[in-house]
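Following: one structure in structure tokens, then a few remarks.
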Amino acid sequence: MSDAPVVEVRELSRSFGAFLAVDRVSFAVRPGEIFGFLGSNGAGKTTTIRMLCGLLAPSAGSATVLGLDVARDADALRRRIGYMSQRFSLYTDLTVEENLRFWGSAYGLAGDRLAERSAWAIDIAGLADRRRTVVRELPGGFRQRLALGAALLHLPAVVFLDEPTGGVDPEARRRFWDLIDELADAGTTVFVTTHSMDEAERCHRVALMHSGRLLALDTVPALKRFFPAGTVVEVRAPRAARALAVLAELPWVSDAALFGEQLHAVLDRPERRAELEAGLERAGFAPVAVRPITPSLEDVFIRFISDAERTTAAGSSLPGPRSAVPGSRAGGRS
Amino acid sequence: MIRRTLAVAVKELLQLRRDWRTSLALLGMPMVLLLIYGFALSFDVEHVRLAVVDLDGSSASRAAARAFTESRTFDLVAFGRDVRELDAAFDTGRIQAALVVPAGYGDDLAAGRPTSLQFVVDGSDAQTAGTVLAYARQIVAGISPVIREGGAAGPPVGVPLVWYNPDLASSRFLVPGLVAFILMVTSVIATALAVVREKERGTMESLRATPLAAIELLLGKTLPYLLVGAVSSAGSFALAWALFGVPVRGSLLWLAVVTLLFLAGGLGWGVLISTLADSQQVAFQAGLISAMLPTLLLSGFIFPISSMPPALRVITHVVPARYFLVALRDIVLKGAGPETWWLQALALAVYGGVVLLLATARTVRSL
């Protein structure tokens, strides 16, 4: 497979009336990688994926998928990509086989090839003994894998998955991601959106989206190296919520946030740990335990968002955080 | 293209088969409606309260009165010798019509001189009055030849004979219109829901990500309902024949052709609504209103188009039932061939083509 990017996006924007859903986003996806698009609801993930599948015209900028322009060659594009929309995309009142026959035909498959690909999809979904079952009666995990199989019937080189594991239990979610790994190993490029940090950890590279902007793009380890070693700490203290308020006042603490019963905070230097412990105890929060932790993707995500919001609030139109992305952009597959 | 269209049609049929409630409604509803409306909606007039005022008192005048009272249409409620009594009887509603035989009627007939009978009808209900008058003419026409045989020079009154529907049964006239009305409503609603359902379930987004073209999707969606519509049309015509004695005088083949053209237009209109509406509820109501009202009011089903104001008459040209009704009455009642109604068939074909084209354009643009 050539190294030309499978997806190439340049200054892509989409507005709905006055609302800018996607704001000058640029990135490239390499062949065979699992490319994660991480962001909260309304970050512009679905809008971007719909533009890349030729379902929504960009307002400005351009994007190519497999060398085809998404605005001009939408028809040719649809023959060569797979797409699994956010909403469940199978007919719940049809059986497993009927669904596959229909979606295969819609993608132009027929005869032996349709039969062979349907058998493959039934196999990866683990539905060999339930091919005549009406989809409505299948558990969520099976449905999700079947929907993925249906989106891959025509062997697309790239597949776009929009929050594919919504409403599925953790075990089914894990099996779904095992399937994504297998696909990528076999050379299929996977573009997947998620708002789950756990899922993002399984991607080769992750793009952080917030309010239509691309805040950062790198491998997960590289994103985590953004914080100098030892500066991300976990604080255990009684009355954590009150302690958080005290913590947030300290000038050398940034991105203090509550994670369950504990606090996470980012210090300007690792040496501040003792100072923090003493300070909180003086303020009446004894006993305090501060220990350095490996930052989670969520810590990184929170930092990028607060930086971005500070930049916006300061009236600067420069996309500061994007240039602050650390590490090599040549990360890629591990 | 054909393969993908068929794939959509097969899928739609499979879904229809699982959804037995909808299938039953689509197949059975037209016939149930025909049954209800066929009996309820009738312009036939019977048991009209009639007064006879015989100023002549001859055997000829009694024969004329008998011709009226023996028909099922009229019930004799009063017999008088003074015309002035009629006013009060009409005012109180005791009578709805009166037959006045003028003095000298019998003599005139015997002498072969032109003569006349006076027929008075309560015109406050114009529809009924018109029907009663028509019945009266028929009765007079019936007795005229007999009278003429008695040595008269000609019939006493000039009477146009009613052809094709000699007993003026409104069912003959109304049932074809009713069939058109019912088919329009069911076909529009069936497809109006078909596309919008995909939008509501979220499968539309996935369909659009496939190479499936808009026209393939829409044709595939329409075909199964055309089949269902054809079956329920056949049922409706059979029912019309069995229950209301509406014969199909023309060729069944031509009837099928015209009906299919009409159905295609209705289905196309439903698809167009479906591409515009965002929920099944909106689609259902838009389909119901847009199919029902024009078909009922502007097609010539109940109100003759020729008596509408010019502005309304122009609007009737985009109501497909207008064309279907003319062709249907031509085929069913007159047994006429395509040379009489080809223009109506053409109009139906154009209508179907245009709405399907609009729906396709609309689906493509919504991208």
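Read-outs: derived from the displayed coordinates by stated rules, not from any lab. Quick caveat, the model's predicted, so the values are computed rather than measured. All Cβ positions, even for glycine, are placed from backbone atoms using ideal geometry, and neighbour counts span all protein chains on display.
Tabulated data for the structure shown
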{"read-out": "Gyration tensor (alpha-carbon) shape descriptor, segment A:232-294, a/c threshold 1.5", "value": "rounded"}
{"read-out": "Crossing angle, helix A:272-282 versus chain A [Cα axis fit, 0-90 degrees, rounded to tens]", "value": "60"}
{"read-out": "Lysine pairs meeting the criterion (Cα under 28 Å, 8 or more apart or interchain), as found in the protein assembly as shown", "value": "5"}
{"read-out": "On Cα atoms only, tilt of A:111-125 relative to the major axis of chain A in degrees", "value": "30"}
{"read-out": "Distribution of pairwise C-alpha distances over segment A:74-151, 10 Å bins, in %", "value": "20, 55, 23, 2"}
{"read-out": "From the C-alpha gyration tensor of the protein assembly as shown, square roots of 5λ in Å", "value": "81, 28, 21"}
{"read-out": "Net dipole in debye of segment A:77-182 [+1 Lys, Arg Cβ; -1 Asp, Glu Cβ; about Cα centre; nearest 20]", "value": "300"}
{"read-out": "In nm, spacing of pseudo-spin labels at B:Ser59 and B:Leu133 (7 Å Cα→C-beta vector)", "value": "3.5"}
{"read-out": "Pairwise centroid distance, computed over Cα atoms, of segment B:219-241 with segment A:119-193, Å", "value": "40"}
{"read-out": "Top of B:Val314, B:Val52, B:Val354 by mean-square fluctuation, Gaussian network on chain B, Cα under 10 Å", "value": "B:Val314"}
{"read-out": "Kirkwood-type radius of segment A:115-190, with distances r between different C-alpha atoms, in Å", "value": "12.7"}
{"read-out": "Calculated over chain B: convex hull of Cα atoms, volume per residue (Å³)", "value": "162"}
{"read-out": "Globularity ratio of segment A:16-163, using Cα Rg and 2.2 N^0.38 Å", "value": "1.13"}
{"read-out": "Dipole of segment A:7-223, positive direction: furthest Cα of A:Trp120, A:Cys53, A:Leu155, with charges on the beta-carbon", "value": "A:Cys53"}
{"read-out": "Förster radius 56 Å - calculated FRET efficiency between A:Glu309 and B:Ile289, Cβ distance, rounded to 0.05", "value": "0.65"}
{"read-out": "Gain in span if fully extended, A:Ala4 to A:Ala245, counting 0.36 nm per residue against the direct Cα distance", "value": "81.8 nm"}
{"read-out": "Segment B:221-325: radius of gyration and largest Cα-Cα distance (Dmax), Å", "value": "15.4, 44"}
{"read-out": "Cα coordinate range in chain A, projected on the principal axes (Å, largest first)", "value": "77, 44, 38"}
{"read-out": "Using a Förster distance of 25 Å, the FRET efficiency for B:Ile2-B:Leu227 (Cβ separation, nearest 0.05)", "value": "0.95"}
{"read-out": "Separation in nanometres of the label points that stand 7 Å from Cα toward Cβ, at B:Asp87 and A:Asp181", "value": "10.6"}
{"read-out": "A:Leu152, B:Leu358 arranged by Cβ crowding within 10 Å, fewest neighbours leading", "value": "B:Leu358, A:Leu152"}
{"read-out": "Gyration tensor over alpha-carbon atoms, segment B:48-149, equivalent ellipsoid semi-axes in Å", "value": "23, 16, 11"}
{"read-out": "Folded to 0 to 90 degrees: helix A:140-151 orientation relative to chain A principal axis, Cα", "value": "60"}
{"read-out": "Span-like helix ranges in chain B, DSSP H, alpha carbon extent 20 angstrom or more, Kyte mean at least -1.0", "value": "B:2-18, B:20-40, B:126-149, B:170-201, B:214-244, B:252-276, B:280-297, B:338-365"}
{"read-out": "Dipole magnitude (debye, nearest 20) for chain B, charges at Cβ of Lys, Arg, Asp, Glu", "value": "1640"}
